[in-house]
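The values are calculated or read from the model by the stated rules, or taken from the named source; none is laboratory data. Please read all numbers here as calculations on a predicted model, not as lab measurements. Ideal geometry is used to build each Cβ from the backbone, glycine not excepted, and the neighbour counts take in all protein chains shown. When the accessible area is computed, the model is the full protein with side chains, heavy atoms only, and any ligands, DNA or RNA have been set aside. Shrake-Rupley method; radii C 1.70, N 1.55, O 1.52, S 1.80 Å.
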Amino acid sequence: MKGLATEILLVVCAAISGAGLIVMLLLLYMKKEASSFTVTEEEVYVSDLPHPWDGVRLFLITDLHRRPFTAEHASVVGRYPSAELVLLGGDIMEQGVAIEQVMSSVEQLRKIAPIVMVHGNHDHKCNTAQLDTELIKAGVQMLDNTAVRFEKDGESIWLCGIGDSSSGYANVHLAFTPSNSEASCAIVLAHDPVVIREKLPSYVKLVLTGHTHGGQIRLPIYGPLRLNDFYRRYLSGWYEINATDVPNHVYQLFVSNGFGTSHVPLRWNAKPQCHFITLRRSP
């Protein structure tokens, strides 16, 4: 009997050791995935896009959080055909991140193209006054609840930024006030895809967001660990939105996995991303 108990104990210890090894390997894999870097090429057909804007490229990056965007990352991005504008979709910092790290990332992103930005929910948990002062000094154009007109060969589009919804800073009326009198084609930059619940003007053709991290940790079958039904529905990638409050209004929504992580520096089945987005005029 004593020999049997010893054998059982050895089996149990081996099982625990094996399980511990599996967990350790899984954590290492998730950490490696979180530190990876994927640049995607996206092409989107935009209705009412003016002819001179056909083929224009934008660079979208969101959700840096604690992860610095380094010279090495900028070098990888530099191997691709250039973009005319960097769209920074919020959560470029969080509590405990030094402003110096944030500004170092911004300096690297400026090597790609001029930057426009909206805030995310984690930005609002920090000293946004100090952050914005430094960003403006660095030449970043802040777009929370405002719009800017870009002209090319005499024809224009509008880029409209909407403040973070979950932090209570979204003001859709204010965001579109500058563009309402003349816009026929507008792109929206917002941190959170929940912005599609707002009544967006009929000239909005494209909405670019982040916030979800693509689920960050997506288990097989179950899916994302921490996201509610709305974010599970609009988790990552492209979606066609049929606006219920504006007749015949259809636009494209894009949700990025983001670049960094929050809560834990781990990812699974949700690789970090940055994106070149090429605008194409609809046939």
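Assuming Leu235 fulfils every condition listed in (1) surrounded by fewer than 19 Cβ atoms within 10 Å (Cβ to Cβ); (2) under 26 Å from Ser35 (Cβ atoms); (3) of a type outside the set (D, E, K, R) apart from one, which condition is it?
That leaves (1) as the condition not met.
With the requirement that a residue be in contact with a helix residue (DSSP H, G or I) (Cβ under 7 Å, 6 or more places away or on another chain), over 26 Å from Ser82 (Cα atoms) and in contact (Cβ under 8 Å) with a residue 40 or more places away in the chain, what does the range 105-144 give you?
Asp123, the sole residue that qualifies.
Consider the range 114-145. How many of its residues are under 19 Å from the mean Cα position of the chain (by Cα) and over 19 Å from Asp63 (Cβ atoms)?
3
Which residue is nearest to Pro114 (Cα to Cα), if the candidates are limited to the range 62-91 and must be polar (S, T, N, Q) and outside any helix (DSSP H, G or I)?
So, considering only residues that are polar (S, T, N, Q) and outside any helix (DSSP H, G or I), the one nearest to Pro114 (Cα to Cα) is Ser82.
I need the strands (runs of 3 or more DSSP E) fully contained in the range 178-283, keeping only those with at least 3 residues that are touching a Cys at 6+ places or on another chain (Cβ under 8 Å) and farther than 30 Å from Tyr29 by Cβ.
186-190
Can you name the residue in the range 171-212 that is in contact with an Asp or Glu (Cβ under 6 Å, 6 or more places away or on another chain) and open to solvent by 10 Å² or more (accessible area, probe 1.4 Å) and is also nearest to Val264 (Cα to Cα) among such residues?
In this case the residue turns out to be His211.
Restricting to the range 145-158, count the residues that are in contact with a helix residue (DSSP H, G or I) (Cβ under 8 Å, 6 or more places away or on another chain) and crowded, with 16+ Cβ neighbours inside 10 Å.
4
So Glu151 clears everything in (1) farther than 23 Å from Thr128 by Cβ; (2) within 19 Å of the chain's Cα centre (by Cα) except one condition, right? Which one?
The failed condition is (2).
Under 7 Å by Cβ, and 6 or more places apart or on different chains, what pairs join a residue from the range 178-200 that is more than 20 Å from Met142 (Cβ to Cβ) and free of Cβ contacts under 8 Å to residues at least 60 places away in the same chain with one that is open to solvent by less than 70 Å² (accessible area, probe 1.4 Å) and of a type in the set (D, E, K, R)?
Close Cβ pairs satisfying both conditions: Lys199/Asp245.
It is to be established whether one or more residues within the range 114-126 are open to solvent by 20 Å² or more (accessible area, probe 1.4 Å) and over 30 Å from Arg232 (Cα atoms).
Yes; the residues of the range 114-126 include at least one that is open to solvent by 20 Å² or more (accessible area, probe 1.4 Å) and over 30 Å from Arg232 (Cα atoms).
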